[in-house]
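Structure record follows, encoded as structure tokens.
Here, each number is a calculation from the coordinates, and none is a lab measurement. Bear in mind the structure is a predicted one, so any value in this text is a computation, not a measurement. When we count neighbours, we look across all protein chains shown, and the Cβ atoms used for this are built from the backbone with ideal geometry, even at glycine.
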Amino acid sequence: MNQQNISIAFLRLVQIMEELREQCPWDKKQTIQTLRPLTIEETYELADAIDNNNWQQIKEELGDLLLHIVFYSRIGAEQQQFSIDEMIHGICDKLVARHPHIYGEVKVQDEEEVKRNWEKLKMKEGKTSVLQGVPVSLPSMVKAIRIQEKAKRVGFEWDHKEQVFDKITEELQELKEVVAAGDADKMEDEMGDVFFSLINYARFLQVDADLALERTNKKFITRFQRMEQVALSEGKQLHQMTLEEMDAIWNRIKHLNKEEPAS
């Protein structure tokens, strides 16, 4: 890793951002509020690239995100809130302070102890809750995963995965009861409890619940689109078919998928 090349590349980006901010009509108009949805979109594009293990796309999306970071920092400087070097030194100082096992005398046994120490240090910095750092705007499933991980770091955790599965069974029974009673508000409440328990179980199995659901989403899309193609090859549209006819095609596709070798 050539630090001089990194410095040259980074300073080039900063210089280009300054020029665009001063000369480009679009860049001049942007605010932190107008950039926010674009940053979220870029983050999801990076997530897609990671899911597809597409390193070229990962590189490009990281560049887009770095541009946004530089853009926000430029606006921060204009508003006399912070400079880009203050932002960078801020994260450097935080990393050093939260890694006393690297930059201090603290000894740790494993990554779990590192995580526990991280939470303790954050509380010393003025946090009033271990859950305080979970972003409000996170998607619900990702937020549930982060909440559970943070609760675990202070010992609020089941001992065995069997206990979590029992909790799922308990929550499903409670959902069944409120469905029978026809209480819409309680249905929503209990459905949330079921989801939360399932996410917790996935965590115990060391399965990423968000990735697992996205895998099923992709699988459903692929099979549904194949079903549409099969129906068209038979001269039919799905809306013209009965559920039984569609289900028969669906099962044929599932059977073919099982016979295909894994790629």
For this session: Please report Ile88, Ile6 as a ranked list, fewest other C-beta atoms within 10 angstrom at the top and most at the bottom.
Result: Ile6, Ile88
For this session: Calculate one ³J(HN,Hα) per residue across segment 199-212 by plugging θ = phi - 60° into the Karplus curve 6.51 cos²θ - 1.76 cosθ + 1.60, and present them in order as whole Hz with x for glycine and proline.
Result: 5, 4, 5, 4, 4, 5, 7, 6, 10, 6, 4, 5, 5, 4
Exercise. Which whole-number percent is the relative contact order of segment 1-66 (Cα, under 8 Å, 6+ apart)?
Worked result: 20
Exercise. Which one, (i) 26, 22, 17; (ii) 42, 31, 20; (iii) 35, 23, 17, gives semi-axes √(5λ) of the Cα gyration tensor in Å as derived from the coordinates shown?
Worked result: (ii)
For this session: Round to a whole angstrom and tell me the spacing of the C-alpha centers of segment 162-180 and segment 55-127.
Result: 40
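Charges only on Cβ, +1 for Lys and Arg, -1 for Asp and Glu: so what's the dipole of the chain about the Cα centre, in debye to the nearest 20?
For the chain, the charge dipole is close to 620 debye.
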Problem set entry | Residue exposure sequence - Lys29, Lys219 - by fewest surrounding Cβ within 10 Å | Lys29, Lys219
For this session: Give the distance, in whole Å, between the Cα centre of segment 16-32 and the Cα centre of segment 202-263.
Result: 46
Exercise. Gaussian network model of the chain, Cα springs within a sub-10 Å range: biggest mean-square fluctuation belongs to which of Leu20, Leu232, Leu172?
Worked result: Leu232
For this session: Identify, among Gln23, Gly133, Gln225, the residue whose Cα sits farthest towards the positive end of the charge dipole of the chain, taking +1 on the Cβ of Lys and Arg and -1 on the Cβ of Asp and Glu, with the dipole about the Cα centre.
Result: Gln23
For this session: Run the numbers on the chain and let me know its relative contact order in percent, using alpha-carbon pairs under 8 Å that are six or more apart.
Result: 9
Exercise. Over segment 210-259, what per residue volume does the convex hull of the Cα atoms give, in whole Å³?
Worked result: 77
Problem set entry | Residue-averaged 222 nm ellipticity for the chain, from DSSP H runs of 4+ at -39500 (n - 2.57), nearest 500 | -25500 deg cm²/dmol
For this session: Just need the Rg to Rh number for segment 36-150, please, alpha carbons only, Kirkwood Rh.
Result: 1.01
For this session: Express the relative contact order of segment 120-263 as a whole percentage, based on alpha carbon pairs under 8 Å and six or more residues apart in sequence.
Result: 18
Exercise. Just going by the charge dipole of segment 1-120, with Lys and Arg at +1 and Asp and Glu at -1 on Cβ, which of Gly63, Cys92, Gln4 is farthest out on the positive end?
Worked result: Cys92
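By counting other Cβ atoms within 10 Å of each Cβ, how are His99, His239, His89 ranked from fewest to most?
Ascending Cβ contact count within 10 Å gives the list His239, His89, His99.
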Exercise. How large is ³J(HN,Hα) for each residue in segment 74-87, as worked out from phi by the Karplus curve 6.51 cos²θ - 1.76 cosθ + 1.60 (θ = phi - 60°), to whole Hz, x for Gly and Pro?
Worked result: 5, 5, x, 5, 4, 7, 6, 9, 6, 9, 5, 5, 5, 4
